[in-house]
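Each remark here refers to the structure printed beneath this line.
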Amino acid sequence: MSKYISTIYHDSIRPQTTYPQEFAKHLYNMFGLQPGLSLLEPGCGRGDVLKSFKSLGLDVKGCDISEETLSFYKDIEIKIADIESDGLPYADESFDVVFSKSFIEHFYYPERYMKEAFRVLRPGGLLITCAPDWESNYKKYFDDYTHRTPFTIVSLRDIKHIFSFDSVKVIKLRQLPFTWNRPVLNLFLDFISPFVPVRTKSKVRWVRELLLIGSARKPLNKGKVL
């Protein structure tokens with residue numbers, strides 16, 4: 001994994017845009033986040049979204065398996081950890097929010113991440129889990145050979161229930177900001193999405209490829225996950 005970020009997220013392949021800021025702001029408003037809340041992003045990579053949450057006033061930290069990650073941060077605490085093997089390198093009940101994007105699908109055993117996320121969240125804390133929607137991405141899902149476990153609305157919902165989270169909700173999001181508050185436009189794009197070529201390099205790909213956003217809360221009367 002020593003060159004994963006520089007290969008998969010090379011600027012020539014995934015150039016930096018304003019999308020992470022727009023996405024972070026959308027989630028900030030969607031979930032009623034507030035300045036000062038503590039947020040952890042496991043699998044933070046080059047930090048596009050994490051830095052955006054920081055700019056919104058959240059107290060952010062990150063961790064990643066790749067030491068390449070460290071070169072992208074100056075004023076954010078980042079820890080290097082193999083979460084699937086060793087867990088999250090933080091104490092119990094340390095965070096108000098645990099957020100991840102394009103992360104959980106890289107686990108052979110995503111159950112281990114769910115257990116760890118539950119552990120480090122404070123009672124009442126919010127878990128936000130974003131992952132590619134298998135139903136709309138399956139034709140190119142394994143172009144990233146590190147993808148291990150596909151998720152659908154049903155499976156992302158069920159894994160949160162199984163690990164004792166409540167207030168569970170999963171939605172699909174088209175990663176085109178101008179569509180986020182236009183349901184009629186989304187219905188039209190749903191209709192034309194099967195005709196969008198697979199592996200198109202333009203932004204048109206996001207008409208076809210949807211993102212799952214799963215949210216859940218750690219119960220106030222939390223107890224431990226077995």
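The values are calculated or read from the model by the stated rules, or taken from the named source; none is laboratory data. Owing to the predicted nature of the structure, the values given are computational and were not obtained by experimental measurement. FYI the Cβ positions are ideal-geometry reconstructions off the backbone, even for glycines, and counts take in every protein chain you see.
Among the residues of region 181-204, is any under 24 Å from GLU84 (Cβ atoms) and either at pLDDT 95 or above or of a type in the set (Lys, Arg) (or both)? The answer is no, given that none of the residues of region 181-204 is under 24 Å from GLU84 (Cβ atoms) and either at pLDDT 95 or above or of a type in the set (Lys, Arg) (or both). Scanning region 63-100 for residues that are closer than 14 Å to LEU39 by Cα and either in a helix (DSSP H, G or I) or among the hydroxyl-bearing types (Ser, Thr, Tyr) (or both) yields a count of 3.
Listed here are the helices (runs of 4 or more DSSP H) enclosed by region 121-226 that have at least 2 residues being surrounded by fewer than 18 Cβ atoms within 10 Å (Cβ to Cβ): 153-162, 183-192. Within region 212-226, restricting attention to residues that are out of contact with any helix residue (DSSP H, G or I) (no Cβ under 9 Å at 6 or more places or on another chain) and at pLDDT 95 or above, which residue is farthest from ASN186 (Cα to Cα)? In this case the residue turns out to be PRO219. The residues of region 28-62 that are part of a loop (DSSP other than H, G, I, E, B), touching a residue at least 24 places away in the same chain (Cβ under 8 Å) and surrounded by fewer than 17 Cβ atoms within 10 Å (Cβ to Cβ) amount to a single one, PHE31. Quick one: in region 110-120, which of the residues that are under 17 Å from the mean Cα position of the chain (by Cα) and more than 10 Å from LYS160 (Cα to Cα) is surrounded by the fewest Cβ atoms within 10 Å (Cβ to Cβ)? The selected residue is ARG112. Annotation note: Cβ proximity below 7 Å between a residue of region 119-146 that is closer than 22 Å to GLU84 by Cβ and a residue that is polar (S, T, N, Q) and surrounded by fewer than 19 Cβ atoms within 10 Å (Cβ to Cβ) (sequence gap 6+ or interchain) occurs for VAL120/SER94; CYS130/SER102; ALA131/SER102; PRO132/SER102; TRP134/THR152.
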